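A short write-up of the structure that comes next.
None of the figures in this text is laboratory data; all of them are computed from the coordinates on show. If you're wondering where the values come from, they're calculated on a predicted model, not measured in any experiment. In this analysis, Cβ positions are derived from the backbone assuming ideal geometry, glycine residues included, and neighbour counts consider all displayed protein chains.
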Amino acid sequence: MKYQREYDFLVKVTKDAYNAVIKGVDFVANDKSEKDLVTTLDVATEKYIIDRINEEFPGDHIVSEEGNAKEQLMGRSWVIDPIDGTNNFANRLSIWVVQMAF
């Protein structure tokens, strides 16, 4: 499959992000906007994933919700929502995911 390496990386890094950053760690939630939250784990998870992408695929573009939201999609691009469903996550509901696309 074309992009098998990227696919395998996506699967691995999302699992690793959960185990290394999110699992069992307490967090602080802050208002991002009137109806939106951001947690310390959103920021830490996003940083973890971006660092891994930069190590494995230097030069690729990264668009992410918390820190690179205004970047452009061009060429080889990764899109990250470190905790999609932050309101559920902050309320300790198990309806959220680490979401990435290439």
> Using modelled backbone amide H atoms (1.01 Å from N, in-plane), which distant-in-sequence or interchain residues come within less than 5 Å of Ser64's amide H?
Replying inline: Ala69, Glu71, Ile80
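Expected output is a single nm value to one decimal: the length gained when fully extending between Phe57 and Asp16, i.e. 0.36 nm times separation in residues minus the C-alpha distance. What is it?
Gain on extension, Phe57 to Asp16, equals 13.1 nm.
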> How many nm separate the modelled label positions at Arg92 and Lys32, each set 7 Å beyond the Cα in the direction of the Cβ?
Replying inline: 2.2 nm
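Under the Kirkwood approximation applied to all pairs of distinct alpha-carbon atoms, what is the hydrodynamic radius of the chain in Å? Present the calculation step by step, with values, prior to reporting the outcome.
Values: mean 1/r = 0.0711 Å⁻¹.
Taking the inverse mean of 1/r over all distinct Cα pairs, the chain comes out at 14.1 Å.
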> Given a Förster radius of 30 Å and the C-beta distance between Asp8 and Met74 as r, what FRET efficiency does 1/(1 + (r/R0)^6) yield to the nearest 0.05?
Replying inline: 0.80
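Count charges around Val98 for me, please; just the other residues with Cβ under 15 Å from its Cβ, Lys/Arg as +1, Asp/Glu as -1.
Numbers: positive: Lys12, Lys15, Lys23, Lys47, Arg52; negative: Asp16, Asp42, Glu46, Asp51, Glu65, Glu66, Asp81, Asp84.
Net of charged neighbours comes to -3.
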